[in-house]
Amino acid sequence: VVPLIVATVVIYSVKQTAELKKINEQLQEANRKLQDMDKVKSDLVSVVSHELRTPLTTIKAFVELLLLKSAMPRERKTKLLNTINIETDRLTRLIADLLNLARIEGGSMKWRSEQLTIEDVVQASIVSIGPLFENSGIHLTMDISASLPAFSGDHDRLVQVVTNILSNAAKFTPAGGAVHITARQDAGPEPQIVVDISDTGSGIAPEDVE
């Protein structure tokens, strides 16, 4: 009888160890997911602050221009006010999208797909970021062919991308410098439109390139 009892205890011990191992693995996985979620929230806070700052910077710069240059031609004033209105609308859409944490974390962010041209996207970015270049004395030029094909995409998201890059270019290019934007059609590995933004700034430190 004794050997049978010992054998039963050994079997139970092995089974218990396997269950404990499984529970431990589940706890580790749950902890990893919590850490990932925490990082997503931290990254989101950083993205939100950056994305909201860009249109706010444009609005503030244009308002300052209107206040400082009261003798500005009416046509120029109207253009600035239209840009402020456009950026205010974009800011409203950004807030509506970025504050919905559950939708973003759940991967269910909705995209507003429409027919676009890369020229429209870049022009909209230049309009929103123009004051940074004017106030910094940086020469901004663009060379984009009107013959590039149209594509489907989210206008606001693409403007965000180009505006962020232009904002960084303005930030790290000294007064009197230049920023140049080009776009071309590339055949491979899949058909795509490639946008290049170059500047005469200090560039990225070697340790930060990757």
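Observations
- Cα→Cβ-extended label distance, 7 Å offset, between Ser136 and Glu207, nm: 2.4
- Förster radius 30 Å - calculated FRET efficiency between Gln192 and Asn82, Cβ distance, rounded to 0.05: 0.40
- Relative contact order computed over the range 118-210 (Cα-Cα under 8 Å; 6+ residues apart), in percent: 32
- The structure-derived value of Rg and Dmax of the Cα atoms in Å appears in the list (1) 26.8, 107; (2) 18.7, 55; (3) 16.5, 47 under the label (1).
- Extension gain for Arg112-Gln28 works out to 26.5 nm (0.36 nm per residue, less the C-alpha to C-alpha distance).
- Judged by the gyration tensor of its Cα atoms, with axes a ≥ b ≥ c, the range 166-206 is prolate; a/c meets the 1.5 cut and a/b is the larger of a/b and b/c.
- Under 5 Å from the amide H of Met142 lie the amide H atoms of Ile181, each residue being 5 or more positions distant or on a separate chain, with H modelled from the backbone and absent for Pro and chain starts.
- The chain, relative contact order [Cα under 8 Å, separation at least 6], %: 17
- Label point distance in nm, Met37-Leu66, each placed 7 Å from Cα along Cα→Cβ: 4.4
- 3J(HN,Hα) from dihedral phi, the range 124-140, Karplus parametrisation 6.51/-1.76/1.60, rounded to Hz, x for glycine, proline: 4, 5, 5, 4, 6, 9, x, x, 4, 6, 4, 6, 9, x, 9, 8, 10
- Per-residue HN-Hα couplings for the range 29-42 [Karplus 6.51, -1.76, 1.60; θ = phi - 60°; Hz; x = Gly/Pro]: 5, 5, 5, 4, 5, 5, 5, 4, 5, 5, 5, 4, 5, 5
FYI, it's all coordinate maths here, none of it is from the lab. In this text the structure is predicted, and so the values were computed from the model without any measurement. Don't worry about glycine lacking a Cβ; one is built from the backbone with ideal geometry, like all the others, and counts go over all protein chains shown.
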